[in-house]
Amino acid sequence: MAWNLFRRRTKSGAIALDTPARVRPETKALSPTAAVPPEVLRQVKLLELRTRGLVNSLFTGEYRSVFKGQGMEFSEVREYQPGDEVRSIDWNVTARMQRPYVKRYIEERELTVMLAVDVSGSERFGTRRRFKSEVASELAAVLAMSAIRNNDRVGGLMFTDRIEHVVPPRKGRRHALRLIRDFLAFEPVGKATDIGGATEYLNKMLGHKAIIFLVSDFLGESVERPLKLLAQRHDVVAVTVEDPSERVLPDIGLVRLVDPETGATLDVDTSDPAVRAQFDLAVGGDADKRRHLFRRLAIDEITVNTDSGIMEPLLRFFRSRERRIRK
């Protein structure tokens, strides 16, 4: 069986190797009105059952506490009770009724959540349990079900070096299942990556502040300016999808690497210690630069891997963010 070897370019000129790899089989592009293949429907159902359990048992409380509504809406006036905030007393009603009354408000809960997912060639890769695209689809499903469970609107955007597919934000379980289906079955046209184009589209598309989960491997391009512009208007959470083979260059001798986004090939002697050392240095430098960039732009990052589940990274993110909010 042939090994499919992939590489990416870094700013330093070093090469990253992903091996041995499986390539996700080609499927046809899926429109909203197209007949859905039975295997896709089975995947959607299985993914819904799995994510619904996660949402019900783990994520609902954390999601609601971390992502607050956009304001407060007046609910009612009721008689004062011990422990009520003195500042909430309605003095006009209190004067008329000759005893204290307070105003009650409820949170304007409805939020807009956008799942912007990179579906370029580098996402169709994995050397462990799953492809990076499969991890991204499961994470998007959990977030979509969490949003719907909390009566928020959720939409999706898939991009490569162009905007491939857009699902406007809406409510309801049926809408969430349509999103999951599209993430599983849609076949992009492009193979390269343009995060800047995706962020520009989101800024034009979304008139009000939204929560944007930007799911990508963030390989090989400068994203500081587009992310800065996006984060100025919206609450952006970067989700970095990784595979272990992208972090460690194995010693397997002379190999030919194929770029999944450009088709370019390169021969590399992986048995050369200098090559592996340069690779390790470049990968570590890229990760540090990415973390520092997100920190500087006040963007939270969730890192998920093809060799592990998504539950623990999501829970860590929710709990870390909740602790910061309470401070």
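Where the second residue is surrounded by 11 or more Cβ atoms within 10 Å (Cβ to Cβ) and at pLDDT below 80 and the first is within 20 Å of residue 110 (Cβ to Cβ) and lies in the stretch 73-86, which pairs have Cβ atoms under 6 Å and are six or more apart or on separate chains? The qualifying pairs are 73/106; 73/108; 74/105; 75/104; 75/105; 75/106; 76/104.
I'd like to check something: does the stretch 103-113 contain any residue that is buried (at least 17 other Cβ atoms within 10 Å of the Cβ), modelled with pLDDT of 90 or more and within 39 Å of the chain's Cα centre (by Cα)? Taking every residue of the stretch 103-113 in turn, at least one turns out to be buried (at least 17 other Cβ atoms within 10 Å of the Cβ), modelled with pLDDT of 90 or more and within 39 Å of the chain's Cα centre (by Cα). The set of residues in the stretch 275-327 that are in contact with a strand residue (DSSP E or B) (Cβ under 9 Å, 6 or more places away or on another chain) and of a type in the set (Ser, Thr, Tyr) comprises 303, 306, 320. Would you confirm whether or not the stretch 151-166 contains a residue that is surrounded by fewer than 16 Cβ atoms within 10 Å (Cβ to Cβ) and among the polar types (S, T, N, Q)? Yes, because at least one residue in the stretch 151-166 is surrounded by fewer than 16 Cβ atoms within 10 Å (Cβ to Cβ) and among the polar types (S, T, N, Q).
Conditions tested, residue by residue: (1) at pLDDT 95 or above; (2) not β-branched (Val, Ile, Thr).
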{"site": "210", "(1), (2)": "no, yes"}
{"site": "213", "(1), (2)": "yes, yes"}
{"site": "219", "(1), (2)": "no, yes"}
{"site": "226", "(1), (2)": "no, yes"}
{"site": "235", "(1), (2)": "no, yes"}
{"site": "241", "(1), (2)": "no, no"}
{"site": "246", "(1), (2)": "no, yes"}
{"site": "258", "(1), (2)": "no, no"}
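Applying the criterion of being acidic (Asp, Glu) and surrounded by 11 or more Cβ atoms within 10 Å (Cβ to Cβ) to the residues of the stretch 74-97, the residue that is modelled with the lowest pLDDT is 84.
Does residue 116 fit the bill of being assigned to a helix (DSSP H, G or I) and within 16 Å of the chain's Cα centre (by Cα)? Here the answer is no, as residue 116 does not meet what is asked.
One residue alone among 239, 275, 223 is in the same structural domain as residue 115 (by TED's automatic domain parsing) and either more than 28 Å from residue 152 (Cβ to Cβ) or not aliphatic (A, V, I, L, M) (or both), and that residue is 275. Of the residues making up the stretch 167-212, those that are free of Cβ contacts under 8 Å to residues at least 60 places away in the same chain, buried (at least 17 other Cβ atoms within 10 Å of the Cβ) and either in a loop (DSSP other than H, G, I, E, B) or in contact with a Ser or Thr (Cβ under 6 Å, 6 or more places away or on another chain) (or both) are 169, 194. Scanning the stretch 213-236 for any residue that is buried (at least 19 other Cβ atoms within 10 Å of the Cβ), touching a His at 6+ places or on another chain (Cβ under 6 Å) and either part of a loop (DSSP other than H, G, I, E, B) or not hydroxyl-bearing (Ser, Thr, Tyr) (or both) turns up nothing.
Residues in the stretch 245-268 that are in contact with a strand residue (DSSP E or B) (Cβ under 6 Å, 6 or more places away or on another chain), of a type in the set (A, V, I, L, M) and either not assigned by TED's automatic domain parsing to the domain that holds residue 161 or not in a strand (DSSP E or B) (or both): how many? Residues in the stretch 245-268 being in contact with a strand residue (DSSP E or B) (Cβ under 6 Å, 6 or more places away or on another chain), of a type in the set (A, V, I, L, M) and either not assigned by TED's automatic domain parsing to the domain that holds residue 161 or not in a strand (DSSP E or B) (or both): 1 in total. In the set 286, 280, only one residue is assigned to a helix (DSSP H, G or I) and either under 17 Å from the mean Cα position of the chain (by Cα) or surrounded by 15 or more Cβ atoms within 10 Å (Cβ to Cβ) (or both); that residue is 286. Scan the stretch 215-234 and give yes if some residue there is in contact (Cβ under 8 Å) with a residue 12 or more places away in the chain, under 16 Å from the mean Cα position of the chain (by Cα) and on the phi > 0 side of the Ramachandran plot, otherwise no. There is at least one residue in the stretch 215-234 that is in contact (Cβ under 8 Å) with a residue 12 or more places away in the chain, under 16 Å from the mean Cα position of the chain (by Cα) and on the phi > 0 side of the Ramachandran plot. So, residue 306, is that one among the hydroxyl-bearing types (Ser, Thr, Tyr), in the same structural domain as residue 244 (by TED's automatic domain parsing) and either in contact with a helix residue (DSSP H, G or I) (Cβ under 7 Å, 6 or more places away or on another chain) or closer than 19 Å to residue 231 by Cβ (or both) or not? It is true that residue 306 is among the hydroxyl-bearing types (Ser, Thr, Tyr), in the same structural domain as residue 244 (by TED's automatic domain parsing) and either in contact with a helix residue (DSSP H, G or I) (Cβ under 7 Å, 6 or more places away or on another chain) or closer than 19 Å to residue 231 by Cβ (or both). For the stretch 275-327, residues that are of a type in the set (Phe, Trp, Tyr) and more than 24 Å from residue 142 (Cα to Cα) total 1.
The values are calculated or read from the model by the stated rules, or taken from the named source; none is laboratory data. Quantities reported herein were computed from a predicted structural model and do not represent experimental measurements. Neighbour counts are summed over all protein chains in view; Cβ atoms, including those assigned to glycine, are modelled from backbone coordinates with ideal geometry.
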